[in-house]
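Scroll down for the structure; my scribbles are underneath it.
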Amino acid sequence: MKKLITTMFVLVLTIGAQGQEYDGLDDIVATINTTKIHQDSIDTSRLVAVYDYECRTQDAEGKAVTDRMKLCVLVGQHCTRSFPYRKYRMERQWAAGNTDMRSRKGTDGKLEFLEGWDFIGDDEFPLFKAESYCFMPEVWTNYPDGKVTVRDAIVPTIYETREERIPIKWELTNDSLATCLLHGLHWTVRYDEDIPTSAGPWKLCGLPGLIVEAVSEDSIHHFTLTDVQHVAAPIYYETSAITIKTSEAKLIKNRLKVFGNKIYAKNPLYYVTNRHSADEIYTDDGSFINGYFVHYDSERKANEAHVYQPLEKE
């Protein structure tokens, strides 16, 4: 079980080794076993912004659902990093020296891991199950200087793009509102000039204050600021992550092709060539969906996902 959790943990964090494109999950695991995990601190935060992200979509049966996750934005002196809040919590636990992978019962009797993995109820469904439905990449803005680095998974491959940082063309209106067109979606955004940073969630940034809310014109995507902390935390960039270098345009096109396929919601691993390795690694009571380990439950089959709602259409 410890080996299983460790493998899952590493894949979710997109940590491993650079190299060729992988044909199956067993190739990834073999690479992980021979590669030292390494992270470099590239900056230190002066501000930590926490957002709730909601995505309106449908399940495999066409029923309307809203997927949710928490997003963390670390605002440093030179760069920002937008990534799952769960991962931020784990890194803070590492910094405190809590590296034990064992689980324990919390004060409320529910199972929890010492690193800060979140669980839903007594049946131990992790919240990163829900995160896997949100298709949220990890984004470093102004790293390296003048560029934007994005890392995202299309199982079994982790992709990375690095593009010139092109300022968003914002149209400012009254009452600290602004609108823009970004990658084919129109956004309406509220910002707070009393919080002096141009940062925001995902790739949204560049306003005269922290973004506190952002809604796509179709109301499918919604970011809401829930907390601001003045915390000095390392801003990491994983230097040995399993990545295939590609362009932003190619990654967006690949996402739309793979996740936009009409059969994806009912069979999210339809495009993976080596299906047996998933069964061997993750046992026969779970599945590997979009980079995350998912247990069976009584309400949803493990091999189902949600309809892809892209943040980027072009």
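Of the peptides 134-141, 194-201, how do they stack up when ordered by the mean number of other Cβ atoms within 10 Å, highest first?
Those peptides, ordered most packed to least, come out 134-141, 194-201.
What distance in nm separates the simple spin-label points at ALA64 and SER247, each placed 7 Å from Cα in the Cβ direction?
3.9
For TYR308, TYR143, TYR51, give me the order by solvent-accessible area with a 1.4 Å probe, most accessible first, ignoring ligands, DNA and RNA.
Output order, biggest surface exposure first: TYR143, TYR308, TYR51.
Count the net charge of all other residues whose Cβ sits under 9 Å from the Cβ of SER176, scoring Lys and Arg as +1 and Asp and Glu as -1.
For residues surrounding SER176, the net value is -2.
What length, rounded to one decimal in nm, is gained on full extension from ARG92 through to SER219, with 0.36 nm per residue of separation minus their alpha-carbon distance? Don't skip to the answer; put the middle values down first.
Details: separation 127, 0.36 × 127 = 45.72 nm, distance 3.32 nm.
That works out to 42.4 nm of additional length.
Can you check what the net charge comes to around TRP187, using other residues whose Cβ is under 13 Å from the Cβ of TRP187 (Lys, Arg +1; Asp, Glu -1)?
Overall, the nearby charge balance is -1.
If amide H atoms are built 1.01 Å from N in the plane of the peptide, which residues on other chains or at least 5 residues away come under 5 Å of the amide H of TYR143?
THR149
Just subtract the alpha-carbon distance of TYR271 and ILE195 from 0.36 nm times their residue separation and send over the number in nm, one decimal.
Stretched out fully, the TYR271 to ILE195 stretch lengthens by 22.9 nm.
Net charge near ASP227, counting Lys/Arg +1 and Asp/Glu -1 over other residues with Cβ under 12 Å of its Cβ?
Once all neighbours under 12 Å are counted, the net charge is 0.
Given the pairs LYS63/LYS147; LYS63/LYS169; LYS147/LYS266; LYS169/LYS313, which span a C-alpha to C-alpha distance of over 29 angstrom in this model?
LYS63/LYS147; LYS63/LYS169; LYS147/LYS266, as the Cα separations exceed 29 Å there.
The values are calculated or read from the model by the stated rules, or taken from the named source; none is laboratory data. What you see is a predicted model; the values in this text were computed from it and never measured. Quick reminder, even Gly has a Cβ in these numbers, built from the backbone with ideal geometry, and neighbours come from all protein chains shown. Just so you know, the surface numbers come from the protein's heavy atoms only, side chains and all, with ligands and any DNA or RNA stripped out. Shrake-Rupley method; radii C 1.70, N 1.55, O 1.52, S 1.80 Å.
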